[in-house]
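The values are calculated or read from the model by the stated rules, or taken from the named source; none is laboratory data. Every value quoted in this text rests on a predicted model; they were computed, and no experiment measured them. Don't worry about glycine lacking a Cβ; one is built from the backbone with ideal geometry, like all the others, and counts go over all protein chains shown.
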Amino acid sequence: MKKYNPFHLVELSPWPILTSFSALSFALGVIIMVRSFNVYPFLISVVLLFYASFLWGRDVHREGCYIGEHNYEVTVGFKVGMILFILSECFFFLGMFWGYLHLAQLPSIEMGGVWPPVGIEPFDPSGVPFLNTILLVSSGVSVTWCHHSVEKGDYYHSVLSLFITVLLGMLFTCLQGLEYYVASFTFSCSAYSSIYFMGTGFHGLHVIIGSILLMKCLFRLYFLHVSPNHSVGFECSVWYWHFVDVVWFCLYLIFYWWGV
């Protein structure tokens, strides 16, 4: 059928609906794991989510690399969609910052009238949180180095810098898990602990997602599937990683440094 517009008409695909149901089962699996200590529904949902997302991404990659459906108008649409998604995530974290600052400025009598509440020992901002800040800032530098290397067609430095970025993201995730392990409070101890685990936990989830996206880009770079003229997926992943960096800097200043 002849097209009368420059946009790509998406063909029928089972992966969007399967990915949606997998994401729903993932959320239900987390609830079951927390409430009933049954980890199997969670693991099954993770496998299904990764499988459906991988196949969906594979088809999109084929459309762009081999069929040539991703022209200028289509790539602009991808970039605008990513910008709007990041903007929605900004408001998501803004709500957490707003809640934290509201509780900090007006601590209730039940919390002892102070912030952090009585009995809560917050983390030292000059310890692991500061190290994590250095790691994420360094990863922002390395991913920018990778971006410039891709634009110049420098294959070696683009792969090296992106590998460093993924490694720094994995180190950040490990240190964040260690911080949770040694925490002197739990999610249900107080309003402080709830908002702390909520904010840092969702940011950690974004770091994991960003690391997976950059790892996928690393494989594509290795197999020469990313070039200066074909890098919209890579650019969107870099934008997402910079967003993760900025959010962590705000988390560090508000949750760790200002909050104590």
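Across segment 137-150, the qualifying residues are those that are of a type outside the set (Val, Ile, Thr) and out of contact with any Gly (no Cβ under 9 Å at 6 or more places or on another chain), and the one among them that is nearest to His242 (Cα to Cα) is Gly140. Across segment 45-65, the qualifying residues are those that are within 24 Å of Phe187 (Cβ to Cβ) and not polar (S, T, N, Q), and the one among them that is surrounded by the most Cβ atoms within 10 Å (Cβ to Cβ) is Leu49. Looking at Gly177, Gly140, just one residue is closer than 22 Å to Met215 by Cβ, assigned by TED's automatic domain parsing to the domain that holds Phe243, surrounded by fewer than 15 Cβ atoms within 10 Å (Cβ to Cβ) and under 17 Å from the mean Cα position of the chain (by Cα), and that residue is Gly177. Flag not set for Trp145, criterion: at pLDDT below 85 and either assigned to a loop (DSSP other than H, G, I, E, B) or hydrophobic (A, V, I, L, M, F, W, C) (or both).
If you go through segment 29-41, how many residues are part of a helix (DSSP H, G or I) and either touching a helix residue (DSSP H, G or I) at 6+ places or on another chain (Cβ under 7 Å) or more than 23 Å from Phe54 (Cβ to Cβ) (or both)?
9
Comparison of Ser237, Ser211 shows that the only residue that is small (Gly, Ala, Ser), in contact with a Cys (Cβ under 9 Å, 6 or more places away or on another chain), at pLDDT 90 or above and assigned by TED's automatic domain parsing to the domain that holds Glu89 is Ser237.
Answer with yes or no whether Leu103 is of a type in the set (A, V, I, L, M) and modelled with pLDDT of 90 or more. Give the derivation first.
Numbers: of a type in the set (A, V, I, L, M): yes; modelled with pLDDT of 90 or more: no.
Spelling it out, it is not the case that Leu103 is of a type in the set (A, V, I, L, M) and modelled with pLDDT of 90 or more.
What's the total number of residues in segment 22-44 that are among the hydrophobic types (A, V, I, L, M, F, W, C) and surrounded by 14 or more Cβ atoms within 10 Å (Cβ to Cβ)?
Start the filter on segment 22-44 by keeping residues that are among the hydrophobic types (A, V, I, L, M, F, W, C), which leaves 23-24, 26-28, 30-34, 37, 39, 42-44.
Remaining after also requiring surrounded by 14 or more Cβ atoms within 10 Å (Cβ to Cβ): 23, 26, 30, 32-33, 42, 44.
Residues in segment 22-44 being among the hydrophobic types (A, V, I, L, M, F, W, C) and surrounded by 14 or more Cβ atoms within 10 Å (Cβ to Cβ): 7 in total.
In segment 60-76, the residues that are modelled with pLDDT of 85 or more form Cβ pairs under 7 Å with partners that are surrounded by fewer than 16 Cβ atoms within 10 Å (Cβ to Cβ) and not aliphatic (A, V, I, L, M), at six or more places apart or across chains, as follows: Glu73/Pro6; Glu73/Phe7; Val74/Phe7.
Screening segment 176-203 for residues that are of a type in the set (S, T, N, Q) and more than 24 Å from Cys90 (Cβ to Cβ) and picking the one that is modelled with the lowest pLDDT gives Ser188. When Ser211, Ser227 are checked against the criterion of being small (Gly, Ala, Ser), buried (at least 19 other Cβ atoms within 10 Å of the Cβ) and touching a residue at least 24 places away in the same chain (Cβ under 8 Å), a single residue qualifies: Ser211.
Table: residues versus (1) of a type outside the set (A, V, I, L, M, F, W, C); (2) in contact with a helix residue (DSSP H, G or I) (Cβ under 8 Å, 6 or more places away or on another chain); (3) in contact (Cβ under 8 Å) with a residue 60 or more places away in the chain.
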residue: Thr133; (1), (2), (3): yes, yes, yes
residue: Ser184; (1), (2), (3): yes, no, yes
residue: Leu205; (1), (2), (3): no, no, no
residue: Phe219; (1), (2), (3): no, no, no
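Give segment 151-165 a look and list any residue that's among the aliphatic types (A, V, I, L, M) and over 15 Å from His242 (Cβ atoms), or say none.
First pass over segment 151-165, keeping only residues among the aliphatic types (A, V, I, L, M): 159-160, 162, 164.
Val159, Leu160, Ile164, listed by residue number.
Across segment 143-154, the qualifying residues are those that are touching a helix residue (DSSP H, G or I) at 6+ places or on another chain (Cβ under 6 Å) and among the β-branched types (Val, Ile, Thr), and the one among them that is nearest to Leu214 (Cα to Cα) is Val143.
When segment 55-110 is filtered for residues that are under 30 Å from Trp258 (Cβ atoms), in a helix (DSSP H, G or I) and polar (S, T, N, Q), the ones remaining, listed by number, are Ser88, Gln105.
The set of residues in segment 221-242 being part of a helix (DSSP H, G or I) and under 20 Å from Gly57 (Cβ atoms) consists of Leu221, Tyr222, Val232, Gly233, Phe234, Glu235, Cys236, Ser237, Val238, Trp239, Tyr240, Trp241.
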